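Asks: What follows is a structure written as structure tokens; I'll ask about it next.
The values are calculated or read from the model by the stated rules, or taken from the named source; none is laboratory data. It should be emphasised that the depicted structure is a prediction, and the values quoted were computed from it without experimental measurement. Don't worry about glycine lacking a Cβ; one is built from the backbone with ideal geometry, like all the others, and counts go over all protein chains shown.
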Amino acid sequence: TGRIDERGVFPHLDRLKNVPYVFDLDFGLKELPEEPGVMLVRGARQYGKSTWMEGAIKQTIRSFGPGSAFYLNGDFISDENALTQAIQETSALFPAETGVRRLFIDEITAVKNWQKALKRTLDAGELDNVLVVTTGSRATDLMRGTERLPGRKGRLARTNFIFTPISYFEFSRVCGSILKEDTLSAYCLAGGCPVACAEIAKTGSLPAFIIEMIRDWIFGEFAADGRSRVSLIHVLECIAQRGGTPFGQYKLTKEAGLANNTVAAEYIRILTELLCVGRGFFWDPGTGVAVPRKPEKYHFINVLAASVFHPLSPRTPGEFKAMPSQVLGQWYEWVVAQELWRRAAITGKDMPEMLPFWQSKEHEVDFVNDSTMFIEVKYGQSSPVEFAWFTHAFPGKRLLVIHNGHFDAKDVKGITLEEFLAEGN
């Protein structure tokens, strides 16, 4: 109808009016194109995709008039046939005089075989001159679905986006004056999830409803895939306890009590699809590529999920800072992994969840970022003397050491975690 300012039309936006902490969401899509095509935005549940979509719908109607935007919710569509019918009925509602037409489909991956419905309506010409904007929480499902739409996504410069956590810079801008010296620890717990960030700034802790919300989402996704909740908890505990240590799927199978390596691989696959866990393959300096056949690292790239499932269950900045230094070192590495993934996702890099590392018998580098920047994460104070070997091992390369201090030597520079995160504004 175009009555976009009435209460109840955009419930997520309505709720923001009563929230004391509101964050700018930047995931690399500044504005929607006016051209037709298909765009796909994937990201974890409860990270603000639906709120962003409501804002995009409202802005579309404000800019191009009533009838320029329509909305479907995949959570309430039973199957591909129902989705096909809904798209057909909705696409027929665009007024003939409307130049810009946008159809928004939230959580399309909740509909089994959704890509068939989209392909069917695209091939029938029912979405000609329409920009279809979809969101989904299963990353690989959305990616595989788009791969089955060759030549059907229009001529857009970019069609795939990942809805990333808010940056530390944004969190500090909004909440730093309240949290003060606890700002970094609070971010390490909330992990850039907008609702968790707002709650920890408001109450000083991660409330129970946030914990249950994330647990229910992840448990629900695994249950839908026919996986065991107990086995999932064991896998997550194994990842948490191993921290940044490389280990193979055989060891994961044994320690998590799984049936075999194939089952272990499936649990890791789903966690990766849900954008909860990133994978670190060994980087071969001879070939300059990651080698998936060796033991690998598993990083939480959704740090809030680490807070939810870690055996120590930290809920406040004070509890976080009181954890053993070994655990804090592991946690800092996860925060860096999430930030590297976040930056790569915003720029549109393929498979940003792949985070290679390098290791020899004597030394290790936590992250090899595009073969140009090597990153080592330490908790506590380090010195350039510890990394004198690096110049000989990798002449002409630079090593960034993230620790609790500063130094700047030949080919090796040390900065704090807070400084590293603040660079990603």
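Asks: Residues that are over 28 Å from PHE163 (Cβ atoms), of a type in the set (Phe, Trp, Tyr) and surrounded by 14 or more Cβ atoms within 10 Å (Cβ to Cβ): does region 209-231 have at least one?
Replies: Among the residues of region 209-231, not one is over 28 Å from PHE163 (Cβ atoms), of a type in the set (Phe, Trp, Tyr) and surrounded by 14 or more Cβ atoms within 10 Å (Cβ to Cβ), which makes the answer no.
Asks: Output yes when any residue across region 4-18 is among the aliphatic types (A, V, I, L, M) and within 30 Å of TRP341 (Cβ to Cβ), and no when none is.
Replies: Scanning region 4-18 turns up at least one residue that is among the aliphatic types (A, V, I, L, M) and within 30 Å of TRP341 (Cβ to Cβ).
Asks: What residue, of PRO314, PRO292, is over 21 Å from LEU355 (Cβ atoms), of a type outside the set (S, T, N, Q) and either modelled with pLDDT of 95 or more or out of contact with any helix residue (DSSP H, G or I) (no Cβ under 6 Å at 6 or more places or on another chain) (or both)?
Replies: None of the others qualify; the one that does is PRO314.
Asks: A follow-up question, please. Taking region 402-423, which residues are part of a loop (DSSP other than H, G, I, E, B), under 25 Å from the mean Cα position of the chain (by Cα) and either over 25 Å from GLU170 (Cβ atoms) or at pLDDT 95 or above (or both)?
Replies: HIS403, THR416
Asks: Continuing with this model, one more query. Only residues that are modelled with pLDDT of 95 or more, over 23 Å from LEU156 (Cα atoms) and either buried (at least 18 other Cβ atoms within 10 Å of the Cβ) or touching a Lys or Arg at 6+ places or on another chain (Cβ under 6 Å) (or both): list them for region 85-129, please.
Replies: Listed by number, the list holds a single entry, ALA86.
Asks: Across region 309-331, which residue is farthest from PRO246 (Cα to Cα) among those that are outside any helix (DSSP H, G or I) and in contact (Cβ under 8 Å) with a residue 60 or more places away in the chain? It would help to see each step written out before you state the result.
Replies: Going through region 309-331, the residues outside any helix (DSSP H, G or I) turn out to be 310-316, 322-324.
With in contact (Cβ under 8 Å) with a residue 60 or more places away in the chain added as a condition, the list becomes 310-311, 314-316.
Numbers: HIS310: 18, PRO311: 20, PRO314: 24, ARG315: 27, THR316: 29 Å.
The extreme case among them is THR316.
Asks: I'd like to know if region 214-223 contains one or more residues that are under 25 Å from THR316 (Cβ atoms) and aromatic (Phe, Trp, Tyr).
Replies: yes
Asks: Within region 37-56, does at least one residue satisfy the condition of being farther than 26 Å from GLU199 by Cβ and over 23 Å from the mean Cα position of the chain (by Cα)?
Replies: Just the residues of region 37-56 that are farther than 26 Å from GLU199 by Cβ, to begin with: 37-40.
The next check asks that each one be over 23 Å from the mean Cα position of the chain (by Cα); those that pass are 37.
Looking for residues that are farther than 26 Å from GLU199 by Cβ and over 23 Å from the mean Cα position of the chain (by Cα), one finds at least one in region 37-56, hence yes.
Asks: Still on this structure: Residues to consider are ILE61, ILE4; find the one that is out of contact with any helix residue (DSSP H, G or I) (no Cβ under 6 Å at 6 or more places or on another chain) and more than 26 Å from ILE210 (Cα to Cα).
Replies: Of ILE61, ILE4, the one residue that is out of contact with any helix residue (DSSP H, G or I) (no Cβ under 6 Å at 6 or more places or on another chain) and more than 26 Å from ILE210 (Cα to Cα) is ILE61.
Asks: Any idea which residue in region 361-388 is surrounded by the most Cβ atoms within 10 Å (Cβ to Cβ), counting only those that are assigned to a loop (DSSP other than H, G, I, E, B) and in contact (Cβ under 8 Å) with a residue 60 or more places away in the chain?
Replies: So, considering only residues that are assigned to a loop (DSSP other than H, G, I, E, B) and in contact (Cβ under 8 Å) with a residue 60 or more places away in the chain, the one surrounded by the most Cβ atoms within 10 Å (Cβ to Cβ) is ASP366.
Asks: For the list (1) in a helix (DSSP H, G or I); (2) polar (S, T, N, Q); (3) buried (at least 24 other Cβ atoms within 10 Å of the Cβ), I need the number of the one condition that SER177 fails.
Replies: Looking at each condition in turn, SER177 falls short on (3).
Asks: Can you name the number of the only condition in (1) closer than 21 Å to ALA345 by Cα; (2) free of Cβ contacts under 8 Å to residues at least 60 places away in the same chain; (3) in contact with a strand residue (DSSP E or B) (Cβ under 7 Å, 6 or more places away or on another chain) that ALA306 fails?
Replies: Here ALA306 meets the rest and fails (2).
Asks: Tell me which strands (runs of 3 or more DSSP E) are completely within region 191-291 and hold 1 or more residues being farther than 23 Å from VAL327 by Cβ and out of contact with any strand residue (DSSP E or B) (no Cβ under 6 Å at 6 or more places or on another chain), or say none if there are none.
Replies: Once the strands (runs of 3 or more DSSP E) in region 191-291 are filtered for at least 1 residues that are farther than 23 Å from VAL327 by Cβ and out of contact with any strand residue (DSSP E or B) (no Cβ under 6 Å at 6 or more places or on another chain), what remains is 289-291.
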